[in-house]
Amino acid sequence: MSTDTANHSLMFTFLLNVLQCPKYPMATKYLQVKLYYLEGEIVSLLQTVNVGGRELEQLREAAVQMANAVACQIVPPIALAHFILDRLSYVFNVCEVDQSGQPNSRVVPTRLGARRPQDDDLALKAALDAVGARPLFSDEDYPLLSEAVRRQKGELTIALLTRHRDSTEKLGLILDRLLDPSIHKMYSWHQSNAAYFLDRDPVYLKRGQRGQRPVFPFPPHSPPVVRRRFMPVVSTTEAHAHYMHELAKRVLTEAGGSQSSVVFAPIGQNPLGMSSRSSNRKLHMCAFLIGMYAIGLHNQVCTSWRSRTYSTHVSWINLQAAELGLMAIEVVRETWPTHLTPSEAAGLADKAGQSRDPAVVEEAARLALSVLPYAYTLSAAETQRALLQCREQGSALLENACRAIEEPTSHAQQQQQYYYQTPPYAEDIRWLFTISVQLGTPYFVSFLDAVAKAVSSPFLLFQFAMEANTRLPPYPQQYSMPPMNRSVPPPQPSHSTKAFAHAHQLLVAAIAAFMRIPHAPTAHTLLEDFYRHVKKQKAWKKDVQHRLGALLHEALNQQR
């Protein structure tokens, strides 16, 4: 049929109906790969057919049905949405295209046919629905299918961003669908992760609701009607975070790329930019926002991100923020608490404060001011540098900086109730403890396992560990704490300081108590949580922390 032009119309209808058929996860990876290969072959055949009036009507009907297909189908029809975007778009199929791939205002009469200017909105709406689609399957159950859907979304996103690289309105809509706030929310004061572009879009400011996600197309008069429908819960994975970071790099390449770090270049060649093409600032900002979103996804997967000392993703963000300047520093100031550590934010503020642009220096000082409430996690040099940045911008900012350090941190910043000796839920937990003791040892062990996952107060955990030490029967040697004279070397005279002696005594007692718990993984988790919480409250020197850490690891290795 592909060789006979008379049958092209029938072939187009048949293949378009095939793409509209619901897809399901395959039983094997081989079938899944073959399905996507055949889908690519179908799209290639469709691209060989000349689109006439009948084909345009079919594409319009498929575009209208895209929203319903995305909501109902288990695997979203992203390939169909990409094909609709390519073939139904009015401007890109009627106007001439320049060397950069962007259409100009000159219309080719022979390409008009039955096309309408309203087709642009239809094609964009279908593509946005596909980009914002949530698959109705689990990433853990079907990792190959999830990666395939992510890559299809990435290709469609690249096509959308490059087409509308100069439109603030369209870029805001695309990023709003791509950066799903239900998975990770970047801003505390805005429901959309594309707030940077939305707040600069006059159409959104006039017809949209400030602080809310945009609706496309905007209703002419009446507000949008909210319809409740099933929204699947999408869990974050490391693969998702990694792909979003790679997508940010691809968008940066489409924007023109960052400056090269080549030091030695041939004579007559610019070492700072091997390409003479200037970068697109809006696309560059899109890459920056996608990169920040990827860091937020990574932080959800890695629970220990607040204690990290280095990250390649953060280094990439710092480089792009230095190139973008004021607008990137402003985004960092508004979003850093859920993406960067205080030390990373202070380092970025310090680098931005060395700029020659006064506006960037002022915004960097405001970023440093937002970090100072977390001064208890910064080094003395970082805190001093942040204070100097605030002082350079005037006495008012310096006064605010001093107040930020002196005043106690808020409930959302430090969660001090977790470290109280008698938290508000202590009596309820003790009541459950007495009930578990009365029910018997199996229930008591289950209670300890639940307490290890739910209770955050180290004092309560230590009390329950001591109770477990007295109530649980002794177990064989492989499940109990080895004698201290075998696992822990005798303290040296050089270590017999008052602080180390007190800390050593506390940790030895904790090891003896926690290791009597019969379930070894639970005991290890309880002991590590207790040591981590106590270490945060004690002003120990680094050498004391290293010795105590060595003692803890040696005890855990002996237990295993």
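For every residue, the table says whether it meets (1) under 24 Å from residue 406 (Cβ atoms); (2) within 22 Å of the chain's Cα centre (by Cα).
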residue	(1), (2)
299	no, yes
305	no, yes
312	no, yes
317	no, yes
321	no, yes
330	no, yes
339	no, yes
354	no, no
364	yes, no
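Pairs, please: C-beta under 6 Å, at least 6 apart or cross-chain, first residue within 19 Å of residue 134 (Cβ to Cβ) and in the stretch 15-26, second surrounded by 18 or more Cβ atoms within 10 Å (Cβ to Cβ)?
If the second residue must be surrounded by 18 or more Cβ atoms within 10 Å (Cβ to Cβ), the pairs left are 23/75; 25/142; 25/145.
When the stretch 136-169 is examined, which residues are found to be free of Cβ contacts under 8 Å to residues at least 60 places away in the same chain and crowded, with 21+ Cβ neighbours inside 10 Å?
Listed by number, the list is empty, since nothing qualifies.
Among the residues of the stretch 199-211, are any touching a residue at least 60 places away in the same chain (Cβ under 8 Å) and either out of contact with any Gly (no Cβ under 8 Å at 6 or more places or on another chain) or closer than 22 Å to residue 75 by Cα (or both)?
Looking only at the stretch 199-211, we keep the residues that are touching a residue at least 60 places away in the same chain (Cβ under 8 Å), and these are none.
No - not one qualifying residue is present in the stretch 199-211.
Taking the condition of being outside any helix (DSSP H, G or I), under 13 Å from residue 345 (Cβ atoms) and over 25 Å from the mean Cα position of the chain (by Cα), how many residues in the stretch 372-403 meet it?
0
Looking at the stretch 55-64, is at least one residue modelled with pLDDT of 85 or more, assigned to a loop (DSSP other than H, G, I, E, B) and β-branched (Val, Ile, Thr)?
Step one: list which residues in the stretch 55-64 are modelled with pLDDT of 85 or more, which gives 55-64.
From what is left, the residues that are assigned to a loop (DSSP other than H, G, I, E, B) are none.
No, the stretch 55-64 has no match at all.
Taking the residues in the stretch 71-123 that are under 20 Å from residue 173 (Cβ atoms) and in contact with a Phe, Trp or Tyr (Cβ under 7 Å, 6 or more places away or on another chain) as candidates, determine which candidate is modelled with the lowest pLDDT.
Going through the qualifying residues, I end up with 103.
In this structure, does residue 380 turn out to be loosely packed, with under 11 Cβ neighbours inside 10 Å and modelled with pLDDT of 85 or more?
Numbers: loosely packed, with under 11 Cβ neighbours inside 10 Å: yes; modelled with pLDDT of 85 or more: yes.
Yes.
Is it true that residue 133 is modelled with pLDDT under 90, part of a loop (DSSP other than H, G, I, E, B) and loosely packed, with under 15 Cβ neighbours inside 10 Å?
Working: modelled with pLDDT under 90: yes; part of a loop (DSSP other than H, G, I, E, B): yes; loosely packed, with under 15 Cβ neighbours inside 10 Å: no.
No: the conditions fail for residue 133.
Tally time: how many residues in the stretch 176-187 are closer than 15 Å to residue 296 by Cα and crowded, with 19+ Cβ neighbours inside 10 Å? Walk me through how you get there before you give the answer.
Step one: list which residues in the stretch 176-187 are closer than 15 Å to residue 296 by Cα, which gives 178-187.
Narrowing the set further to residues that are crowded, with 19+ Cβ neighbours inside 10 Å leaves 178-179, 184, 186.
Residues that pass the stated criteria total 4.
I need a count of the residues in the stretch 3-44 that are touching a strand residue (DSSP E or B) at 6+ places or on another chain (Cβ under 8 Å), surrounded by 12 or more Cβ atoms within 10 Å (Cβ to Cβ) and not in a helix (DSSP H, G or I).
Within the stretch 3-44, residues that are touching a strand residue (DSSP E or B) at 6+ places or on another chain (Cβ under 8 Å), surrounded by 12 or more Cβ atoms within 10 Å (Cβ to Cβ) and not in a helix (DSSP H, G or I) number 3.
Could you grab me the full set of residues in the stretch 65-75 that are outside any helix (DSSP H, G or I) and either in contact with a Lys or Arg (Cβ under 8 Å, 6 or more places away or on another chain) or on the phi > 0 side of the Ramachandran plot (or both)? Walk me through how you get there before you give the answer.
From the stretch 65-75, those outside any helix (DSSP H, G or I) are 65, 73-75; that's our starting set.
Those that are outside any helix (DSSP H, G or I) and either in contact with a Lys or Arg (Cβ under 8 Å, 6 or more places away or on another chain) or on the phi > 0 side of the Ramachandran plot (or both): 73, 74, 75.
How many residues does the stretch 45-54 contain that are part of a helix (DSSP H, G or I) and of a type in the set (S, T, N, Q)?
First, the residues of the stretch 45-54 that are part of a helix (DSSP H, G or I): 45-47, 53-54.
Going one step further and asking which of them are of a type in the set (S, T, N, Q), we end up with 47.
Total meeting the criteria: 1.
Considering each of 200, 177, 210 in turn, give the residue that is within 16 Å of residue 286 (Cα to Cα) and not in a helix (DSSP H, G or I). Give the derivation first.
Details: 177 fails: not in a helix (DSSP H, G or I); 210 fails: within 16 Å of residue 286 (Cα to Cα).
The unique qualifying residue is 200.
The values are calculated or read from the model by the stated rules, or taken from the named source; none is laboratory data. Because the structure is a prediction, the values reported are computed rather than measured. We place every Cβ from the backbone using ideal geometry, glycine too, and count neighbours over all the protein chains shown.
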